[in-house]
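Here's the structure, in structure tokens; my notes come after.
Rule-based calculations on the coordinates, nothing more; no lab input. These numbers were taken from a predicted model, which means no experiment stands behind them. Cβ coordinates were reconstructed from backbone atoms using ideal geometry, including for glycine residues, and neighbour counts include every protein chain displayed.
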Amino acid sequence: MSSASPLFSGQTPLAVRMRPQSLDEVAGQEHLLRKGSALRALADPEAAPGAVSVILWGPPGTGKTTLAHAIARSSGRRFMELSAITAGVKDVREVMQDAVTQRDLYGQSTILFLDEIHRFTKAQQDALLPGVENGWVLLIAATTENPSFSIISPLLSRSLLLTLRPLDDAQLEALVDRAVADPRGLAGAVTVSDEARAALVRLASGDARRALTALESAAAMVSGSDADEPQPTVTAEAVALAVDRALLRYDRQGDEHYDVISAFIKSIRGSDVDAAMHYLARMVEAGEDPRFIARRLVISAAEDIGLADPQALQIAVAAADAVAFIGMPEGRIPLAEATAYLATTAKSNAAYVAIDAAIGDVRAGRFGPVPLHLRDAHYAGAKRLGHGRGYVYPHDLDVGVATQQYLPEELSGTRYYEPTQRGQERDISARLDKIRRILRPEKG
């Protein structure tokens, strides 16, 4: 390749070069870009100048900055950009003053794009309020954190909150193909194998910027090593070398998806925490949906651990909530914590066996009328039918357990739940033996 190639010309990064020029070029976010949507209205050069400010909330690489640039370009507004990492109150006030000057002298409105607004303190966010409230600027703020917790209420109430979604595989594939062919991108200087495209999509995990950055690095590598080849090919191996990361064989819709999650759950059930952590790492690195992993942990806590350690279910549910709250990559930490706890605690599937056995009896027709003394006695005519007659209220007894029948007569004496001698079920087992002797003394 010659030194004039787009790959070696010292241009801005591929992800920046491929930034859409209009909203029609934006990949994904169809739910925000429908005809008549708020973003379409903001991009309309004929729209009224007093448009509402917006807060774009979503994971990295979903197009927050891209949308701001596209709206500014399409609407003809001035574009000013600040980063909450480096900007302060002084910078905000200067932008506001400049925006007022431009409006008054030239009749031109200003878009202020503020990246990572969640990093602004309350005082810094307060400084934005006059400009937003008086329409000096159209604020487009971007955040990866939940705005309800990271942005002050007065600013939220004056802005439209829009949630961006991670790009799906098809959208990322289209983005890669466009970058390869587009003159702004690689201009056809390389081709990309199907395996490499799939690898780029897996590595991206819904992040467009990550996909394009990996593509650019891999393309530069094959172009440099195959200088005599007119159109070198980006392979899966080149992608792996470019990002310095092994590529996992993992199809989120295929065998590997089911095999790895199966091995993960069976490792937890078998109390091998190291194996469980290995399979968790494979899923995280392959870009598996963390909510899917969290759901499986919740199921495992109930199915394989149960009352041997009731806290396991609480920890699994807390991990699922944490993942939904903080997202990835930080979500790997609560997933790992729950995995380690579930793998190392006592195990029992007694509750799981009990409910399946009870369901089996019901499906087989083994059920009968509810005993009269247990039936609802709170309506007119219930006493005449004998409902509630003879029922013993357990709280009236010192032991808190009454000798009376709860199962239908056809199932009298049936036992579904048989606790193990592991973990807390050892104590439950001893207590249950005493309870059953009181309930059915003749059964022992």
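Using C-alpha positions alone, give me the convex hull volume of the stretch 255-344 per residue in cubic angstrom.
Hull volume over Cα atoms, normalised by residue count, gives 71 Å³.
Given labels modelled 7 Å from the Cα in the Cβ direction, how far is it in nm from Ala430 to Ile85?
Result for the modelled spin labels: 5.9 nm.
Taking the Cα centre of the chain as origin, sum charge times position over the Cβ atoms of Lys and Arg (+1) and Asp and Glu (-1), and report the length of that vector in debye to the nearest 20.
It works out to roughly 1660 debye.
Which order do Ile438, Ile71 fall in if you start with the one that has the fewest other Cβ atoms within 10 Å?
The fewest-first ordering by Cβ neighbours comes to Ile438, Ile71.
Excluding residues on the same chain fewer than 8 positions from Lys90, give the aspartates and glutamates whose Cα lies under 18 Å from its Cα.
Output for Lys90: Glu81, Asp98, Asp115, Glu116, Asp126.
Can you give the extra length, in nm with one decimal, that the chain gains between Gln108 and His395 once fully stretched, where that is 0.36 nm per residue apart less the Cα-Cα distance?
Fully extending the segment from Gln108 to His395 adds 95.6 nm.
Which aspartates and glutamates have a Cα lying under 19 Å from the Cα of Lys35, excluding residues fewer than 8 positions away in the same chain?
Asp24, Glu25, Asp44, Glu46
Rounded to the nearest 0.05, what FRET efficiency do Glu237 and Glu30 give with R0 = 35 Å and r taken as the Cβ-Cβ distance? Could you check?
Rounded to the nearest 0.05, the efficiency is 0.55.
P(r) for the stretch 29-163, please, calculated from all Cα pair distances in 10 Å bins and given in %.
13, 48, 34, 5
Using just the Cα positions, wrap the stretch 105-167 in a convex hull and report its mean projected area in square nanometres, one decimal place.
Over all viewing directions, the stretch 105-167 projects a mean Cα-hull area of 5.1 nm².
Determine the gain in length on full extension of the stretch Asp182-Asp321; use 0.36 nm per residue of separation and subtract their C-alpha separation, reporting nm with one decimal.
Gain on extension, Asp182 to Asp321, equals 45.9 nm.
Using +1 at the Cβ of each Lys and Arg and -1 at the Cβ of each Asp and Glu in the chain, identify which of Ala377, Ala319, Gln124 lies farthest towards the dipole's positive end.
My answer, from the dipole projection, is Ala377.
What is the ratio of the Cα radius of gyration of the chain to 2.2 N^0.38 Å, with N the residue count, to two decimals?
After normalising by residue count via 2.2 N^0.38 Å, the value is 1.39.
Using all Cα-Cα distances in the stretch 296-345, what percent lands in each 10 angstrom bin from 0 up to the longest?
For the stretch 296-345, the binned pair fractions read 31, 53, 15, 0 percent.
Multiply the residue separation of Gln21 and Ala358 by 0.36 nm, subtract the distance between their alpha-carbon atoms, and state the gained length in nm to one decimal.
Contour length minus Cα-Cα distance gives 115.1 nm.
As a test of understanding, state the convex hull volume per residue of the stretch 169-242 from its alpha carbons, in Å³.
So the per-residue Cα hull volume is 71 Å³.
Find me the longest stretch of the chain that has none of the exposed chymotrypsin sites (Phe, Trp or Tyr not before Pro), where exposed means in a DSSP loop (not H, G, I, E or B) with at most 13 other Cβ atoms within 10 Å.
1-378
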